[in-house]
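A short worksheet on the structure shown next.
Computed from the coordinates by the stated procedures, all read-outs in this text should not be read as laboratory data. Owing to the predicted nature of the structure, the values given are computational and were not obtained by experimental measurement. Cβ atoms come from the backbone with ideal geometry, glycine included; neighbour counts cover every protein chain shown.
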Ligand code: ADP
Ligand code: NA
C-alpha cells in the first residue's frame with residue numbers, strides 16, 4: 001500500500017488567527033502526534049502564495065515568515081517528526097507550478113470561490129472575469145495572474161510530495177479537488193508517453209481531511225470567515241494575543257439585538273460563532289452538530305450575551321496561554337536563530353523529495 005504522506009501550508013501573513021488554529025494548526029498537530037511511524041508530514045510556510053496580496057513590505061514579509069514558523073512550533077509541531085520549511089526555499093514548487101499551469105483550465109480556475117470572494121473583497125465586482133461582455137476595463141486591469149493561478153501553485157505544493165492527505169479548513173476543499181483533477185490530467189496527458197510512467201501514476205491525486213472546526217467566523221462581520229485579509233484587527237483573535245486583548249476583542253464581537261443566548265447559525269451568526277468557538281476549543285474537534293448538546297452543558301442558555309462573552313474569553317485565553325508562552329520563548333531565545341535553523345533543516349528534507357518528484361515529471365514530459 002502507498003505510505004501516508006500529509007501536506008499542508010499556511011501563508012506567512014503574520015501570526016495565525018483562531019480560524020487558522022482551529023481549522024488547521026490544531027489538526028496538523030494531532031495528525032503528527034497520532035501518525036504511524038511510516039507516515040511523512042510536510043508543513044510549509046507558503047510565502048510564494050502570500051505575494052498574491054499586496055499588504056506586506058519586504059521587511060514585514062521576512063518577519064512574518066519567522067513568526068509563522070515560530071507559531072507552528074508553539075502550537076506543538078515537532079521538527080524532528082514533521083518537515084517544517086518555507087515554500088520559496090524549495091524552488092521546485094515554482095517549477096512544477098509552471099508545468100501544471102500549461103494544462104490548467106482557465107474556466108475551472110475562474111469558478112474557484114476564493115478567487116471570486118477575493119475579487120469581491122477588493123471591490124472588483126465581476127460576474128465572470130473571462131466574459132468579454134461583462135467586465136469593465138478598469139476592473140480587468142486590476143486582476144492579477146498570480147491570484148488567479150493560486151490553486152495551480154497549491155496543486156504543485158501538494159503534488160511535489162506525493163501527498164495522500166491534505167488537512168484544511170472547509171474553505172480550501174475546492175482547491176484540493178482542483179489538485180486532484182490536476183494530477184489526473186497530468187497522468188493522463190503524460191503517463192502514456194514515457195515508458196517508465198506506464199506502470200504507475202506519476203502524480204498522486206490527494207484527498208482532503210476537513211477539520212471538524214470548519215469555519216470560524218469573523219468577530220466583526222460574523223457572516224464572513226475569520227481571515228487575515230480583513231482589515232479590522234478586532235475581527236480576529238491571534239494565537240499570541242494576551243488575556244486582555246482576547247477579552248477586548250470578544251467583548252466587542254458583533255452579535256445582534258437580542259440579549260439572550262440561543263444557537264442558530266443562520267439567524268444569529270455572531271452568537272452562534274461564539275458558541276462554536278467555545279465548543280471547538282473545549283472538546284477538541286467536535287463538529288457543529290455537537291454544539292447544541294455542548295451548549296446545554298455550558299449553562300449559558302437564556303443568559304445575557306455578556307455571560308456568553310465572558311465564558312468565551314475565559315476558554316480562549318486558557319487554551320491559548322501555553323501557545324503564547326512557547327511563542328515568546330522561541331522568538332526570544334537566541335533572537336529566533338533556532339527557528340531559522342529549523343527552517344534550514346526542513347528545506348533540506350523537503351528538497352530531496354521535491355527533486356525526486358521533479359526528476360520523474362521532467363522525464364515524463366521530455367525536458
Ligand atoms: P487566511 O484564509 O486567513 O489567509 P490561510 O489561507 O493561510 O489563511 O489558511 C491556512 C489554513 O487555515 C487553511 O487550511 C484554511 O482552511 C484555514 N482557515 C483559514 N481561515 C479559517 C477560518 N476562518 N476557519 C477555519 N479554517 C480557516
Ligand atoms: Na485561506
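Annotations for the structure displayed:
- Candidates 147, 63, 96: whichever shows maximal mean-square fluctuation once the chain is modelled as a Gaussian network with Cα springs under 10 Å: 63
- Bridges between two residues of the chain, per DSSP, are antiparallel at a rate of about 10%.
- Computed [θ] at 222 nm, deg cm²/dmol, the chain (DSSP H ≥ 4; -39,500 (n - 2.57); rounded to nearest 500): -15500 deg cm²/dmol
- Residue of 95, 244, 355 that the Gaussian network model of the chain assigns the largest fluctuation, springs spanning Cα pairs under 10 Å: 244
- Förster-model FRET efficiency, 41 Å R0, residue 103 and residue 34, C-beta, rounded to 0.05: 0.70
- Between the helical axis of 337-365 and the longest alpha-carbon principal axis of the chain there is an angle of about 40 degrees.
- Rounded to the nearest 10 degrees, the angle from helix 173-190 to the longest Cα principal axis of the chain is 10 degrees.
- Ordering 328, 34 from the fewest to the most neighbouring beta carbons within 10 Å gives 34, 328.
- Stokes-Einstein diffusion coefficient of the chain, Kirkwood radius over Cα pairs, 10 °C, 1.306 mPa s, in µm²/s: 73 µm²/s
- Taking other Cβ atoms within 10 Å as a rough exposure proxy, 46, 254 sort from fewest to most as 254, 46.
- Rough spin-label spacing in nm, given labels placed 7 Å along Cα→Cβ, for residue 232 and residue 283: 3.0 nm
- For a label point 7 Å along the Cα-to-beta-carbon line of residue 142, residues of segment 95-121 with backbone N under 13 Å: 118-121
- Between the C-alpha center of segment 30-74 and that of segment 337-351 there is a gap of 12 Å.
- Angle between the chain longest axis and helix 58-75 axis [Cα atoms, degrees, rounded to 10]: 70 degrees
- Considering only alpha-carbon pairs that sit under 8 angstrom and 6 or more positions apart, the relative contact order computed for the chain is 22 percent.
- Ordering 98, 115, 28 by the number of other Cβ atoms within 10 Å of each residue's own Cβ, fewest first, gives 98, 115, 28.
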